[in-house]
2 protein chains.
Amino acid sequence: MSGERLIYMPLGGAGEVGMNAYVYGYGPKGKERLILVDLGVTFPDMDTTPGVDLIFPDIQWLAERSSQLEAIFVTHAHEDHVGAVAHFYDQLKAPIYARAFTANIARRKMEEHGHPEKAVTTVSAWPEITEAGPFKVGFVPISHSIPESSGLVIDTPKGRLVHSGDFKLDTGPVVGEPWDEALWQSIGDAGVQALVCDSTNVFNTHEGRSESGLGAEIEKLISSAKGMVVATTFASNVARVKTLAEAGQKTGRSICLLGRAMRRMIEASVETGVLTDFPSTISPEDAREIPRENVMLIVTGSQGERRAASAQLAQGKYNGIELKEGDLFLFSSKTIPGNERGVIRIMNQFSEMGVDVVDDSDGRYHVSGHANRPDLERLHKVLRPQIIIPMHGEHRHLREHVKLCKSNGMQGVLATNGTMLDLSGNRPEIVEYVETGRTYLDGSRKIGALDGIVRDRIRMALNGHVTVNVILDEEDEPLGEPWCEIMGLTEEGASRAPLVDVLEEDLSQFLGRAKGKTLREDDVLEDGLRKVVRNSAQQEIGKKPEVTVIISRLS
Amino acid sequence: MSGERLIYMPLGGAGEVGMNAYVYGYGPKGKERLILVDLGVTFPDMDTTPGVDLIFPDIQWLAERSSQLEAIFVTHAHEDHVGAVAHFYDQLKAPIYARAFTANIARRKMEEHGHPEKAVTTVSAWPEITEAGPFKVGFVPISHSIPESSGLVIDTPKGRLVHSGDFKLDTGPVVGEPWDEALWQSIGDAGVQALVCDSTNVFNTHEGRSESGLGAEIEKLISSAKGMVVATTFASNVARVKTLAEAGQKTGRSICLLGRAMRRMIEASVETGVLTDFPSTISPEDAREIPRENVMLIVTGSQGERRAASAQLAQGKYNGIELKEGDLFLFSSKTIPGNERGVIRIMNQFSEMGVDVVDDSDGRYHVSGHANRPDLERLHKVLRPQIIIPMHGEHRHLREHVKLCKSNGMQGVLATNGTMLDLSGNRPEIVEYVETGRTYLDGSRKIGALDGIVRDRIRMALNGHVTVNVILDEEDEPLGEPWCEIMGLTEEGASRAPLVDVLEEDLSQFLGRAKGKTLREDDVLEDGLRKVVRNSAQQEIGKKPEVTVIISRLS
């Protein structure tokens, strides 16, 4: 059937690290049956998205085609892959497939949103296959920094696709299945049309290191500690939490987990059987009672998040536990770019308490969950795909990954969010550019990134805000004097008088000079008043504030 | 005279990297004659100081004692050391002393602010001495990342102090005087009561590298480039600019400097004679005319600053020059923590243009201007001071530096901003804690960090803003309906009606129920209206906005 085509289009994740969402389709042009791989979130920051709670990919294209959508496959339980499934369930209404641990996390999210948990189906690992329209999808275990991470084998009438998921090549991952080269070789043997491949660490030229190499170093560090030991890492990095806990146990310490996410992840791991021999833990109450040199806390907040356990310990108490001089705090983690300030703030707070802080600046207490450059090349060679499509990266990562493919004589193609590729032939073809973007969760509402709402907030944060109130009588004449209120502006300006007084005086003069037409037309009057405020403020305080004008007419 | 004492107190720089300001005093308690070393700024960020233009140390303590202040000595021309001299000249009115290059920069600042340039006195390097009350101060050349950086020898009736300034031990600094160990040894031979010492790189355990080692690597990189080459670094790092320019010249390229700061720094270097053999440069107009493989631009904006040349080239044109596929962009710099997002944004923009970006992740194209841990130990040993007081660092740096001193059997003391030390005896004594903090330059006004102004702006950025307007007649009865305006909030809430309509309806109901007392008292009414808005908004959009209430009474 020459009218059918095989398409690939990222809606998120190809142009940023975060909010992954990759569409595959097969069928006649425009009528393809679709599947979605992953549906994640990314996190806001004060610079560009103040007040925003979460950031989603804009999935409007897919929502408009929800009747074509067969299923959603989730590769692993990181927030940037599973975080949005419940938020868009109403719009997509597609069944969700994942392995047990990931499904457990997905179901918790569905439950929180009042959606049916049965929308999530647990599937077993390869060679089990899930059929979804024209697609046959298998979850192939691959090591990463969370249990049961999987690459997907997606068999289609036009050949086999492999979606790597987030991965590293770890033969000693501590928790979960090790990298199984023979298995992946056999998957490649059947012939791979396209590999859609993680690009996160493409700039790192070293071979990746194994999780299993960390335990001894961490144990040595803890042995040297005189007081309480606290370690932080991503709660979802269950292998690391286990490595830390075992190191603590071996050095004679009782383990206490702090932070909601930490407890939830360990709970999910035990429920789903991925974690069977975790050291026994004690409660925060017990941790307070025993000598501090016998305690190790493992806590949330490795990225300096303000409400997490690390930040709260740095500010004082958390669950009644307080750090003090001679304690040791270990960041068994890497700081994600953009989070440096928060992490450094915590380090300095601990320093003020006399707590010794150890981070991973020398690479001894953390390994990445993503494949470095030589490991990417190894996967390329094992699978020998016709086409390689880099994903999971900023533009610079994707571009570098394409260059890497080419330097090895392989065919790489750069497809950022919204780029639709036809993968039916020997060469990938760009067939469409779809408008994509970001959707913000703002409080309880979804808003568009380009709605101007966040832009207005940023302007208020930069410029402050002035409210102007004018009342006009039935004859369109000012009734009393104009009135100002300021927020986020200094109270006194260059003329040493209150800023509000100066603004009101200037507004009053403007109204006194204003002609009938100005006073009769709200738009004109509003414009005039706004200009007066901005110009006066500029003179007085050197800033042009945002202005809300309220004109009340008694007519 | 046993009633006299020698004091030291940082007002800025001891607890952060930035806004340096160190006070020294000698005399009877409370009547000490004072000098100030450095008076710098630090830079705002969106997280904590949106809309702020510059951050100064709070110098109120010193301003109240300006009659005791003999002089200000500026060690070097970095903004965090010289940036605030003009801003506080009116309050301090003290003569400013610096070496020629630093004085040149300081005078430009004084001129911009309309202050007398003659307030700045140029002094020669050690052994020249400037007397300031009981102090004899000499500028001893020491290598750093800007020309004519100096440590200060401060001789007092109670002994010799050494203020290291920012420094590294570079025997091949490319521009300026190399590290002269014999000279510093001789300064130490006279006996040093206290060393106040740079702490920035105390966590770096490697020996520092020389500026002179970079040229060959940079030349190799440029040789490999096919298109235009652009390099960025701090404009004030004149040695680096020279290293870059010479590497470009050797590979047959014409050099063009872009960015106001870049041209100003080179100008100041030439005017003051610190730079004598800089390669000849071409104008942007000429750079546009010659083949791009023969051009090298050296530009501002290594930290991703939005208005600098780098950011503008990343977005399109700058001075008519446009980068394109195959060009090379080199960050000959380190990204300061907190600036990662801005730098990464630029890298991705260049990636989209097909420009190859090289940064210093492998340490080949940049060396730090600060002494690493082994170099700090070397200065300690050369000077053999009675007391070491770490400065120029966050709390964690200062604490680590003190630990380093102790581990080497030396006496280190941790003194953060506002800690007054008496250095008269063999052991430093904390004699007072002075309240310190930060002052913001906001537009044209100085505001206090704790004034609440910036806090209100942050709140508006996080929560959005609602203006409520209510008019009451002579009888204190509502005249017409209440009226709302929103800014930075979504227009539609959970009930699918415009948010403004819902708020106005709820306000109207509240007013309908309100008793006479509520309506008569502005405070009570305002509180009530604010609560209605916050609760309704919480229900509708899941956010509690900031609210300005305007009550107009016709009475």
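Below is a table of values for the structure above.
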item	result
Calculated label separations, A:G320, copies of the chain, 7 Å along the beta-carbon direction, nm	7.5
Equivalent ellipsoid, the range A:211-358 (semi-axes from 5 times Cα gyration tensor eigenvalues, Å)	21, 18, 15
The range A:211-358 - percent of accessible surface contributed by carbon and sulfur, probe 1.4 Å	46
Taking the convex hull of Cα positions in the range B:464-553, its mean projected area over all directions (nm²)	5.0
Kirkwood Rh and Cα Rg combined as Rg over Rh, evaluated for chain B	1.07
Chain A, accessible area per residue, ligands and nucleic acids excluded (1.4 Å, Å²)	39
Considering only the range B:236-344, percent of DSSP beta bridges that pair antiparallel, nearest 5	25
Inter-copy spacing of B:K515 label points, which lie 7 Å from Cα along Cα→Cβ, given in nm from shortest upward	5.3
Debye intensity ratio I(q)/I(0), log10, the range A:82-196, q values 0.20 Å⁻¹ (C-alpha model)	-1.13
Position B:D473, label points 7 Å along Cα→Cβ, spacing to each other copy in nm (shortest first, one decimal)	1.6
Complex-versus-alone comparison for the range A:430-458, residues with a loss of 20 Å² or more in accessible area, probe 1.4 Å	A:D442, A:G443, A:S444, A:R445, A:I453, A:D456, A:R457
Centroid-to-centroid separation of the range A:1-48 and the range A:326-375 [C-alpha atoms, Å]	33
Highest to lowest packing among B:265-278, B:392-405, scored as the average C-beta count within 10 Å	B:392-405, B:265-278
Ratio Rg/Rh [Cα only; Rh per Kirkwood] for the range A:147-306	1.07
Descending semi-axes in Å of the range A:31-106, equivalent ellipsoid built from Cα gyration tensor	23, 17, 9
DSSP bridge orientation in chain A - percent antiparallel, rounded to nearest 5	55
Antiparallel DSSP beta bridges within the protein assembly as shown, percent to nearest 5	55
Percent of Cα pairs exceeding the 51 Å cut-off, where the set is the protein assembly as shown	32
Amide H contacts under 5 Å for B:R160, placed H, 5+ residues apart	B:Q193
Loss of accessible area when B meets A, both sides summed, Å² nearest 100, probe 1.4 Å	5700
Euclidean distance of C-alpha centroids, the range B:476-536 and the range B:77-141, integer Å	57
With every protein chain in place, the range B:1-94: carbon and sulfur % of accessible area (1.4 Å)	46
Accessible-area composition of the range A:464-553, carbon plus sulfur, in percent [1.4 Å probe]	42
Helix-only [θ]222 nm of chain A, DSSP H runs n ≥ 4, -39500 (n - 2.57) each, per residue, nearest 500	-9000 deg cm²/dmol
Burial of 50 Å² or greater, the range B:366-414 residues [accessible area, probe 1.4 Å, versus chain by itself]	B:H395, B:R396, B:R399
Long-range HN-HN contacts of B:G412 with modeled amide H, under 5 Å	B:I388, B:K406
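The values are calculated or read from the model by the stated rules, or taken from the named source; none is laboratory data. What you are looking at is a predicted structure, and each value in this text was computed from that prediction instead of being measured. Methodologically, a virtual Cβ is constructed for each residue, glycine included, from the backbone with ideal geometry; neighbour enumeration extends over all protein chains shown. Quick note on the areas: whole protein, heavy atoms, side chains included, nothing else; ligands and nucleic acids left out. Shrake-Rupley method; radii C 1.70, N 1.55, O 1.52, S 1.80 Å.
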